[in-house]
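For reference, the structure discussed in these notes is given below.
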């Protein structure tokens, strides 16, 4: 991540806020039933690149293989991030870049992934 920058993000009400170090490369827009319905655009980073700066109450949602802990704000319902592991077992954080507060909406390009067929 040669061009990684620190970005700030939060849920809608601000109860859950974070910083993430990323170059915003490798963004994923998935068509699985979960991501599609929520409109998620994800950036996968290592846990050491992600820091919660406000940890309001969150609810965990698990589905399918239960390998990713989808966390959403109890107050406004926004999913800012999820925690889990990659296929090879490495810990990761999946950041919903739509919750970044310091980038222009639609200033990014995401690869579309057919998660529906997995």
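Looking only at the range 75-115, which residues are exposed (fewer than 14 other Cβ atoms within 10 Å of the Cβ), free of Cβ contacts under 8 Å to residues at least 40 places away in the same chain and in contact with a strand residue (DSSP E or B) (Cβ under 8 Å, 6 or more places away or on another chain)?
Across the range 75-115, the qualifying residue is only 85.
Would you please list the contacts, defined by Cβ atoms under 8 Å and residues six or more apart or on different chains, that run from a residue in the range 46-60 that is exposed (fewer than 11 other Cβ atoms within 10 Å of the Cβ) to a residue that is assigned to a loop (DSSP other than H, G, I, E, B)?
57/15; 57/74; 57/75
Can you confirm whether the range 61-72 contains a residue that is surrounded by 14 or more Cβ atoms within 10 Å (Cβ to Cβ), part of a strand (DSSP E or B) and touching a residue at least 60 places away in the same chain (Cβ under 8 Å)?
yes
Kindly evaluate residue 75 against the criterion of being modelled with pLDDT of 95 or more, outside any loop (DSSP other than H, G, I, E, B) and over 22 Å from residue 6 (Cα atoms). Quick ask: steps written out before the conclusion?
Working: modelled with pLDDT of 95 or more: yes; outside any loop (DSSP other than H, G, I, E, B): no; over 22 Å from residue 6 (Cα atoms): yes.
Taking the combined requirement at face value, the residue does not satisfy it.
As an exercise: evaluate residue 12 against (1) part of a strand (DSSP E or B); (2) in contact with a helix residue (DSSP H, G or I) (Cβ under 9 Å, 6 or more places away or on another chain); (3) at pLDDT 95 or above and give the number of the one condition it does not meet.
That leaves (1) as the condition not met.
The values are calculated or read from the model by the stated rules, or taken from the named source; none is laboratory data. Source: prediction; values computed, not measured. All Cβ positions, even for glycine, are placed from backbone atoms using ideal geometry, and neighbour counts span all protein chains on display.
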